[in-house]
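Some notes on the structure that comes next.
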Amino acid sequence: MRYYPNIPDLNVNSSINLLLRRAKENRTVEIEEYITTGGYSALKKALTKFTPEDIVVLVEESTLRGRGGAGFPTGRKWRFALSNPPPRYLICNADESEPGTFKDRIIIERDPHLLIEGMAIAGYALGAELGFIYIRGEYPAGAKILEDAIEDARKKGYLGKNILGTDFSFDILVYRGAGAYICGEETALIESLEGKRGHPRLRPPYPANYGLFGKPTVVNNVETLSNIPIIVTYESYYMNIGSSGYYGPKLFPISGKVNKPGVYEATMDITLRDLIDMAGGIRDGKKFKAVFAGALGVYSERDLDTPMDYSPKGFGGTGTTIVLAEDDCIIDSLIVIAEFFEHESCGKCTPCRVGTYEQLNILRKFQNGTATEEDIKLLEHLGRNIPVGSICGLGYSASNAIMDALKKFRDEFYEHINGNCPAGVCFKND
Amino acid sequence: MEFIYLTEEIKQQIDRYVEKFPLKDQAIIQSLHLIYSKYRDIEDVHMKELSEYLQVPLNVIEGIVSFYDMFRVKRGARHHIRVCKNLPCHIMGCKNLLKMFEKLTGEKANQYSKNGRFYIETVECIGSCSIAPAFMIDDDLYEGLNITEEKLNEILSKYT
Ligand SMILES: Cc1cc2nc3c(=O)[nH]c(=O)nc-3n(C[C@H](O)[C@H](O)[C@H](O)COP(=O)(O)O)c2cc1C
Ligand code: SF4
Ligand code: FES
């Protein structure tokens with residue numbers, strides 16, 4: 001019997017049963033069960049029926065976009081890497097550290113072979129012989145589960161030399177991070193994977209040209225790679241899943257004030273309202289107030305009918321949805337998020353390092369009753385300027401929440417200036 | 001050189017890392033994890049031994065230890081309690097959970113452990129927001145919603 005650290009039952013549900021087909025219960029699906037339920041047949045199909053080029057075309061046509069946050073078209077990313085000579089590397093980004101995000105762990109802990117199969121097919125398409133899974137340090141169970149699953153896959157000939165008797169060889173190594181959100185950013189991840197401090201690199205060059213060990217590298221999210229076996233299995237039928245341009249299953253981690261927080265699988269045409277309904281509606285019969293979603297933007301009641309897709313007005317991002325009810329305070333929540341950015345800024349760019357510190361201090365003034373109207377202007381000034389002076393996505397998005405809140409919940413800032421917290425959270429002495 | 005902290009078991013595992021990764025430096029963070037799981041702290045003596053064993057300059061190892069949160073903090077305890085404080089856990093009551101931990105262990109959050117058993121740390125999101133407020137003790141993950149002092153005490157008693 002294999003021993004893994006304790007993992008409580010995280011609630012999971014699906015209306016379409018693709019990514020989460022085997023992952024609804026809190027247990028790890030072992031390789032035998034994976035195979036008897038159709039697993040590794042996509043890899044077999046890929047290696048026997050398709051050329052690597054065929055796979056790339058399938059992925060391009062699928063419109064698959066990266067599930068790690070930026071939503072970049074996966075096929076296009078692969079194309080860039082393929083335009084450079086081998087050796088090429090594949091990296092699976094399992095750093096999952098964005099606040100409110102806990103979807104990748106479900107695949108890793110419950111159905112690890114789905115990811116492994118996806119990586120093997122991606123490796124074939126990219127002409128890569130070695131792949132890495134960079135998993136956050138705070139997922140010790142996940143790392144062990146992956147190690148064991150990879151070993152099982154090697155034994156059965158799905159990884160290693162001459163996979164399934166073909167001349168394709170591919171292996172995967174698991175690498176643990178150690179508690180740094182910035183290492184989810186792909187160039188910082190590569191630095192960390194090379195055994196260094198995780199500071200982002202200046203781009204260009206992009207990883208597709210100059211990545212791991214200076215070689216062409218594709219970095220893809222866990223959920224992105226787990227879509228690959230589904231694409232290969234369904235081929236053009238994949239385009240029946242969801243709505244035009246944003247095909248495929250998506251995982252939505254929902255947390256906060258809903259009755260049944262958890263990871264929900266749906267197509268991306270689902271609206272925020274339907275997603276909240278899927279999660280059992282707002283807790284304790286309270287009224288909806290806001291969500292922190294996408295790249296930690298803030299959305300209000302007026303956004304409830306927006307689809308959770310990658311369109312310009314959609315939520316995009318990782319699918320993360322943190323729900324606030326009427327008794328939660330926007331300012332108080334912004335402070336928590338600002339503390340996070342202040343703590344996680346790697347310090348390489350001064351506007352990000354100092355700016356995240358300043359915006360936190362200014363926000364705190366709203367909570368301790370010393371803020372003035374001038375502080376709203378200062379926040380807007382920082383929100384405009386931190387992204388400009390930053391080289392990575394952390395700096396670009398560090399003020400998203402504040403800027404959104406200043407548009408959608410501006411009243412709350414003024415209320416706090418007047419010493420009043422509409423949700424009754426701030427100005428209490430305890 | 002004699003290694004006191006790098007036990008035979010740890011050395012064997014490090015050898016495996018060095019063998020499997022293309023680059024020797026890739027073994028550094030993974031080796032630090034081995035040390036951290038055994039000693040729940042990374043101290044100067046550990047870094048010196050690792051530098052010696054891997055033949056990597058000490059300053060490189062120190063640079064890494066000072067960058068990554070899991071290694072950087074000095075804890076001085078056998079067990080490491082991580083209480084998540086990010087937004088989902090914040091609105092689901094992590095402050096109360098933290099108070100309970102402080103009361104039951106007699107330790108203060110984010111302060112060097114007094115009695116050497118528990119170190120309590122407030123951390124950013126640990127990817128478990130649907131069971132908020134979530135916490136970890138060493139490698140184990142737990143759910144903190146509606147938890148009572150009694151239940152928490154029972155959990156703590158497993159970590160001696
Ligand atoms: C600060 C920061 C943190 C990130 N964290 C993650 C992460 O934990 N997981 C992830 O897949 N992508 C993360 N990303 C996005 C990656 O840089 C990259 O876009 C992604 O891994 C690409 O995979 P995809 O195309 O499959 O989405 C992060 C980006 C930034 C700027
Ligand atoms: S934007 Fe911030 S996190 Fe990104 S490299 Fe610059 S300082 Fe580091
Ligand atoms: S915010 Fe606490 S686990 Fe995610």
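The number of residues in region B:89-107 being among the aliphatic types (A, V, I, L, M) and within 21 Å of the chain's Cα centre (by Cα) comes to 4. Quick one: count up the residues across region A:55-97 that are hydrophobic (A, V, I, L, M, F, W, C) and either within 13 Å of another protein chain (Cβ to nearest Cβ) or within 16 Å of ligand 2 (Cβ to nearest atom) (or both). Of the residues in that region, 3 qualify.
Would you call B:N86 within 16 Å of ligand 1 (Cβ to nearest atom) and over 30 Å from B:D25 (Cβ atoms)?
On the way: within 16 Å of ligand 1 (Cβ to nearest atom): yes; over 30 Å from B:D25 (Cβ atoms): yes.
Here the answer is yes, as B:N86 does meet what is asked.
When region A:335-348 is filtered for residues that are touching a Pro at 6+ places or on another chain (Cβ under 9 Å), within 14 Å of ligand 2 (Cβ to nearest atom) and either more than 12 Å from chain B (Cβ to nearest Cβ) or part of a helix (DSSP H, G or I) (or both), only A:F340 remains.
Which residue out of B:F101, B:F67, B:F118 is within 16 Å of ligand 1 (Cβ to nearest atom) and buried (at least 16 other Cβ atoms within 10 Å of the Cβ)?
Values: B:F101 fails: within 16 Å of ligand 1 (Cβ to nearest atom); B:F118 fails: within 16 Å of ligand 1 (Cβ to nearest atom).
The unique qualifying residue is B:F67.
Name the pairs whose Cβ atoms lie under 9 Å apart, with the first residue in region A:371-388 and among the hydrophobic types (A, V, I, L, M, F, W, C), the second surrounded by fewer than 17 Cβ atoms within 10 Å (Cβ to Cβ) and not in a helix (DSSP H, G or I), and 6 or more positions between them or separate chains? Here the result reads none, with nothing in region A:371-388 linked to a residue that is surrounded by fewer than 17 Cβ atoms within 10 Å (Cβ to Cβ) and not in a helix (DSSP H, G or I).
Of the residues that make up region B:103-120, is at least one in contact (Cβ under 8 Å) with a residue 60 or more places away in the chain, on the phi > 0 side of the Ramachandran plot and away from ligand 2 (no atom under 16 Å from the Cβ)? Give the steps one after another, and end with the answer.
Taking region B:103-120 as the starting set, the residues that turn out to be in contact (Cβ under 8 Å) with a residue 60 or more places away in the chain are B:119.
After this cut, where a residue has to be on the phi > 0 side of the Ramachandran plot as well, the list is none.
Within region B:103-120 (the criterion being in contact (Cβ under 8 Å) with a residue 60 or more places away in the chain, on the phi > 0 side of the Ramachandran plot and away from ligand 2 (no atom under 16 Å from the Cβ)), the answer is no, since none of the residues qualifies.
For the structure I just gave you, tell me whether B:G63 is farther than 30 Å from A:C426 by Cβ and in contact with a strand residue (DSSP E or B) (Cβ under 8 Å, 6 or more places away or on another chain).
Details: farther than 30 Å from A:C426 by Cβ: yes; in contact with a strand residue (DSSP E or B) (Cβ under 8 Å, 6 or more places away or on another chain): no.
In short, no.
The residue that is modelled with the lowest pLDDT, counting only those in region A:272-307 that are more than 14 Å from A:I337 (Cβ to Cβ) and small (G, A, S), is A:G285. When region A:27-73 is filtered for residues that are aromatic (F, W, Y) and in contact (Cβ under 8 Å) with a residue 24 or more places away in the chain, the ones remaining, listed by number, are A:Y34, A:Y40, A:F50. Screening the candidates B:L98, B:L87 for the property of being out of contact with any Gly (no Cβ under 7 Å at 6 or more places or on another chain), more than 16 Å from ligand 2 (Cβ to nearest atom) and not hydroxyl-bearing (S, T, Y) yields one hit, B:L98. With respect to the stated conditions, A:L90 is surrounded by 23 or more Cβ atoms within 10 Å (Cβ to Cβ) and either in contact (Cβ under 8 Å) with a residue 12 or more places away in the chain or farther than 17 Å from A:Y234 by Cβ (or both).
Quick one: would you say A:G100 is away from chain B (no Cβ under 12 Å) and touching a residue at least 60 places away in the same chain (Cβ under 8 Å)? Spelling it out, it is not the case that A:G100 is away from chain B (no Cβ under 12 Å) and touching a residue at least 60 places away in the same chain (Cβ under 8 Å).
Of everything listed in (1) more than 16 Å from ligand 2 (Cβ to nearest atom); (2) over 19 Å from A:I337 (Cα atoms); (3) of a type in the set (G, A, S), the single unmet condition for B:S66 is (1). Consider region B:13-30 and keep the residues that are part of a helix (DSSP H, G or I) and facing chain A (nearest Cβ under 9 Å). The one that is farthest from B:K48 (Cα to Cα) is B:K20. The set of residues in region A:407-420 that are buried (at least 19 other Cβ atoms within 10 Å of the Cβ) and either under 26 Å from A:I182 (Cα atoms) or not charged (D, E, K, R) (or both) comprises A:F409, A:F413, A:H416.
Could you tell me whether A:D404 is among the acidic types (D, E) and closer than 26 Å to A:E186 by Cβ? Answer is yes for this residue. Contact annotation: residue pairs with Cβ atoms under 7 Å, 6 or more positions apart or on different chains, pairing a residue in region A:173-186 that is under 18 Å from B:H33 (Cβ atoms) and at the interface with chain B (Cβ under 9 Å from one of its Cβ atoms) with a partner that is of a type in the set (K, R) and outside any helix (DSSP H, G or I), are A:G177/A:R136. Residues that are surrounded by 15 or more Cβ atoms within 10 Å (Cβ to Cβ), assigned to a helix (DSSP H, G or I) and not aromatic (F, W, Y) do occur in region A:12-33, at least one of them. Filtered by the rule that a residue be within 16 Å of ligand 1 (Cβ to nearest atom) and within 14 Å of chain B (Cβ to nearest Cβ), region A:399-430 gives A:N400, A:A401.
From A:S390, A:S333, A:S345, which residue is within 21 Å of A:D303 (Cβ to Cβ), modelled with pLDDT of 95 or more, under 31 Å from the mean Cα position of the chain (by Cα) and polar (S, T, N, Q)?
Details: A:S390 fails: within 21 Å of A:D303 (Cβ to Cβ); A:S345 fails: within 21 Å of A:D303 (Cβ to Cβ).
Within the list A:S390, A:S333, A:S345, the selection yields A:S333.
Within 13 Å of another protein chain (Cβ to nearest Cβ), of a type in the set (G, A, S) and within 22 Å of A:I182 (Cβ to Cβ): does that describe B:S37? Here the answer is no, as B:S37 does not meet what is asked. Can you tell me which residue is nearest to ligand 3 (Cβ to nearest atom) among those in region A:387-402 that are polar (S, T, N, Q) and crowded, with 22+ Cβ neighbours inside 10 Å? So, considering only residues that are polar (S, T, N, Q) and crowded, with 22+ Cβ neighbours inside 10 Å, the one nearest to ligand 3 (Cβ to nearest atom) is A:S399. With respect to A:C329, determine if the residue is more than 16 Å from ligand 2 (Cβ to nearest atom) and crowded, with 23+ Cβ neighbours inside 10 Å. Against the criterion (more than 16 Å from ligand 2 (Cβ to nearest atom) and crowded, with 23+ Cβ neighbours inside 10 Å), A:C329 qualifies.
Does at least one position in region A:191-199 carry a residue that is modelled with pLDDT under 95 and not acidic (D, E)?
As a first pass, look at region A:191-199 and keep what is modelled with pLDDT under 95: none.
No, region A:191-199 contains no residue that is modelled with pLDDT under 95 and not acidic (D, E).
Among the candidates B:S128, B:S113, B:S37, the residue that is within 16 Å of ligand 1 (Cβ to nearest atom) and either under 17 Å from B:D138 (Cβ atoms) or modelled with pLDDT of 95 or more (or both) is uniquely B:S128.
Just to be sure, is A:G198 within 14 Å of chain B (Cβ to nearest Cβ), crowded, with 22+ Cβ neighbours inside 10 Å and in contact with a Ser or Thr (Cβ under 7 Å, 6 or more places away or on another chain)?
Judged against the criteria, A:G198 is a match.
The values are calculated or read from the model by the stated rules, or taken from the named source; none is laboratory data. Please read these numbers as outputs of a predicted model, since none were measured by experiment. For neighbour counting, all protein chains shown are included, and Cβ atoms are generated from backbone atoms with ideal geometry for every residue, glycine included.
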